[in-house]
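Working notes for the structure below.
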Amino acid sequence: MPWPSSLTARIPRESRMLATRWVHSLLGVLWGGLLFLPLLVAAVFSPASRFAVRVRGWELARHSRGFGLVLSDPPQQRRFLLFNGLIAGVAVIPTLNLLGGFLVVTLGSLIQGLFIGGAVDIGFDMWTISQPTLFVGVLYGAANLIGAIAIAEAANWMHGRIDANFAEVARPFALHTRITELLTTRRGVVLAIDDERRRIERDLHDGVQQNVVSLSVLIARAQRASDPVKTQSLLDDALAQSQDLIDEMREVAWRVYPTALDERGLGPVLERIAARCPVPLTLAAVPERRFPAAMESATYFVIREAVTNVVKHAEAASITVTVVDDGRALCTEVVDDGNGRADPNGSGLQGLVRRVGALDGSLTVGSPDGGGTMISARIPHGLPVPSGEPERKP
């Protein structure tokens, strides 16, 4: 591993995230030093003018890349350009002063302390103190750097407040946003596990347990029967019941987790779902390459739950399933032509949201009244996977 990579790997992830945020904020302030005059000039022009549109695009890019502020819609008001231009101009002057002091004092103290020697005299009207050059340089340089970071953070906050007056603002890369997402995802994983346990318990209670009780009754009746012909008939019924019980257990095990998913991948498993589905199901596209087990498992459960909901509630005539790898994520769509009205807040769909969210993915549901339902899941690649063949078109 190269030395810089091994060095950064020793720094805690949270520290690296904070350092990255501060560097981006400082660069955003310096970028604002180049834009504050064009912003003030563009505020005079019509918001629809070519110059104002171009400057506004530069400013939105500065907010996104420098401060991590993503606006839902580009603001069209002159005040957006005016207020942000004023903040950019006010912030850049002290920031440049402090960064200049940090560079000059730090470099000067290092050169003098390491090669020339001597001390720095700090004089007041009543007394004078002498301190080592390196100590004064490092202390003063750090103070300048901290001051520049504080101004950059204040500018970040001010720009966020201004932007919020004109559009919805998101901070998708903010540390507190990521922590909130991780906490929500962790809680979702626990809830998804509990939901799955309850479903397995219902399957065992309503299906397997009833068959076991029925089998036990048949065997008891065969033991009590005195007529050999009746005994043989009851044993034959018990044998048939045991075969049904074996099939039921296999079906429950398949619903819990199909072993074929690990052995052969998504394609064969989805083909079995299509073959057993009472509603005509078309596999529009399924990648032949293999993916990490967690991605394949989540994709399978999304499709299985969506198909089950269609069969139970949608009164649909057809289902179309599409699984595509776009290079960044594994994207799944399940579309039906049923009656729509699927409840995104239902326990089944919320379980899918939590399952996909545990892999840093997203799931959306579109289900207008009478217009069918489309469930889309996107699971980003978190681990390197081997390259495979192009998509299969069944």
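PHE173 - would you say it is out of contact with any Ser or Thr (no Cβ under 6 Å at 6 or more places or on another chain), at pLDDT below 70, among the aromatic types (Phe, Trp, Tyr) and assigned to a loop (DSSP other than H, G, I, E, B)? Please lay out each step first, then the result.
Values: out of contact with any Ser or Thr (no Cβ under 6 Å at 6 or more places or on another chain): yes; at pLDDT below 70: yes; among the aromatic types (Phe, Trp, Tyr): yes; assigned to a loop (DSSP other than H, G, I, E, B): yes.
Spelling it out, PHE173 is indeed out of contact with any Ser or Thr (no Cβ under 6 Å at 6 or more places or on another chain), at pLDDT below 70, among the aromatic types (Phe, Trp, Tyr) and assigned to a loop (DSSP other than H, G, I, E, B).
Considering only the stretch 314-334, state which residues are free of Cβ contacts under 8 Å to residues at least 40 places away in the same chain and outside any loop (DSSP other than H, G, I, E, B).
THR320, THR322
Please pick out the residue among LEU110, LEU114, LEU98 that is in a helix (DSSP H, G or I), without any contact (Cβ under 8 Å) to a residue 24 or more places away in the chain and within 22 Å of ALA143 (Cα to Cα).
On the way: LEU110 fails: without any contact (Cβ under 8 Å) to a residue 24 or more places away in the chain; LEU98 fails: without any contact (Cβ under 8 Å) to a residue 24 or more places away in the chain.
Residue meeting the stated conditions: LEU114.
Conditions: (1) polar (S, T, N, Q); (2) loosely packed, with under 12 Cβ neighbours inside 10 Å; (3) part of a helix (DSSP H, G or I); (4) modelled with pLDDT of 75 or more. THR180 meets all but one. Number of the miss?
Status for THR180: all satisfied but (4).
Table: residues versus (1) within 17 Å of VAL92 (Cα to Cα); (2) modelled with pLDDT of 90 or more.
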| site | (1), (2) |
| --- | --- |
| TRP31 | yes, yes |
| LEU40 | yes, yes |
| ARG50 | no, yes |
| LEU71 | no, no |
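Scan the stretch 335-361 residue by residue and report those that are outside any loop (DSSP other than H, G, I, E, B) and under 17 Å from THR373 (Cα atoms). Steps first, please.
Applying the first criterion (outside any loop (DSSP other than H, G, I, E, B)) to the stretch 335-361 yields 335-336, 347-357.
Hits for the stretch 335-361 are VAL335, ASP336, SER347, GLY348, LEU349, GLN350, LEU352, VAL353.
If I go through the stretch 106-130 residue by residue, how many of them are surrounded by 14 or more Cβ atoms within 10 Å (Cβ to Cβ) and in contact with a strand residue (DSSP E or B) (Cβ under 9 Å, 6 or more places away or on another chain)?
Result for the stretch 106-130: 5.
Of the residues that make up the stretch 238-248, is at least one modelled with pLDDT under 80, surrounded by 15 or more Cβ atoms within 10 Å (Cβ to Cβ) and touching a Leu at 6+ places or on another chain (Cβ under 7 Å)?
Checking the stretch 238-248: at least one residue is modelled with pLDDT under 80, surrounded by 15 or more Cβ atoms within 10 Å (Cβ to Cβ) and touching a Leu at 6+ places or on another chain (Cβ under 7 Å).
Can you tell me which residues in the stretch 274-289 are closer than 10 Å to THR320 by Cα and part of a loop (DSSP other than H, G, I, E, B)?
PRO280
In this structure, does ALA155 turn out to be within 28 Å of PRO38 (Cβ to Cβ) and surrounded by 15 or more Cβ atoms within 10 Å (Cβ to Cβ)?
Details: within 28 Å of PRO38 (Cβ to Cβ): yes; surrounded by 15 or more Cβ atoms within 10 Å (Cβ to Cβ): yes.
Yes; evaluated as a whole, the condition is true for this residue.
Is the stretch 63-72 home to any residue that is part of a loop (DSSP other than H, G, I, E, B), on the phi > 0 side of the Ramachandran plot and not aliphatic (A, V, I, L, M)?
Yes, the stretch 63-72 has at least one match.
Quick test of your reading of the structure: ASN309 fulfils all but one of (1) in a helix (DSSP H, G or I); (2) buried (at least 19 other Cβ atoms within 10 Å of the Cβ); (3) under 21 Å from the mean Cα position of the chain (by Cα); (4) not hydroxyl-bearing (Ser, Thr, Tyr). Name the failing condition by number.
So ASN309 meets the others, but not (3).
Looking at the stretch 214-227, I want the residues that are buried (at least 16 other Cβ atoms within 10 Å of the Cβ) and have a partner that is β-branched (Val, Ile, Thr) and outside any loop (DSSP other than H, G, I, E, B) with Cβ atoms under 8 Å, at least 6 apart or on another chain. Which pairs are those?
Correct list of pairs: ALA222/THR231.
Is it the case, given these coordinates, that LEU37 is among the aliphatic types (A, V, I, L, M) and closer than 16 Å to ALA164 by Cβ? Can you show your working first?
Working: among the aliphatic types (A, V, I, L, M): yes; closer than 16 Å to ALA164 by Cβ: no.
For LEU37, the condition - among the aliphatic types (A, V, I, L, M) and closer than 16 Å to ALA164 by Cβ - is not met.
Which residue, of LEU69, LEU81, is open to solvent by less than 10 Å² (accessible area, probe 1.4 Å) and touching a strand residue (DSSP E or B) at 6+ places or on another chain (Cβ under 6 Å)? Spell out the reasoning first.
Details: LEU81 fails: touching a strand residue (DSSP E or B) at 6+ places or on another chain (Cβ under 6 Å).
Only one candidate passes the filter, namely LEU69.
Test each condition in (1) over 14 Å from THR299 (Cβ atoms); (2) at pLDDT below 80 for GLY340 and report the one that comes out false.
Among (1) over 14 Å from THR299 (Cβ atoms); (2) at pLDDT below 80, GLY340 violates only (2).
Within the stretch 344-356, does at least one residue satisfy the condition of being modelled with pLDDT of 85 or more, open to solvent by 20 Å² or more (accessible area, probe 1.4 Å) and either at positive phi or in contact with a strand residue (DSSP E or B) (Cβ under 7 Å, 6 or more places away or on another chain) (or both)?
No, every residue in the stretch 344-356 fails to be modelled with pLDDT of 85 or more, open to solvent by 20 Å² or more (accessible area, probe 1.4 Å) and either at positive phi or in contact with a strand residue (DSSP E or B) (Cβ under 7 Å, 6 or more places away or on another chain) (or both).
Name the single residue, out of those in the stretch 41-65 being touching a Phe, Trp or Tyr at 6+ places or on another chain (Cβ under 6 Å) and not aliphatic (A, V, I, L, M), that is least open to solvent (accessible area, probe 1.4 Å).
ARG62
The values are calculated or read from the model by the stated rules, or taken from the named source; none is laboratory data. Only a predicted model underlies this, so the values are computations on that prediction, with no experimental measurement involved. Here the Cβ is made from the backbone with ideal geometry for all residues, glycine too, and neighbour counts use every protein chain on show. Protein only, heavy atoms only, side chains kept; ligands, DNA and RNA dropped before computing areas. Shrake-Rupley method; radii C 1.70, N 1.55, O 1.52, S 1.80 Å.
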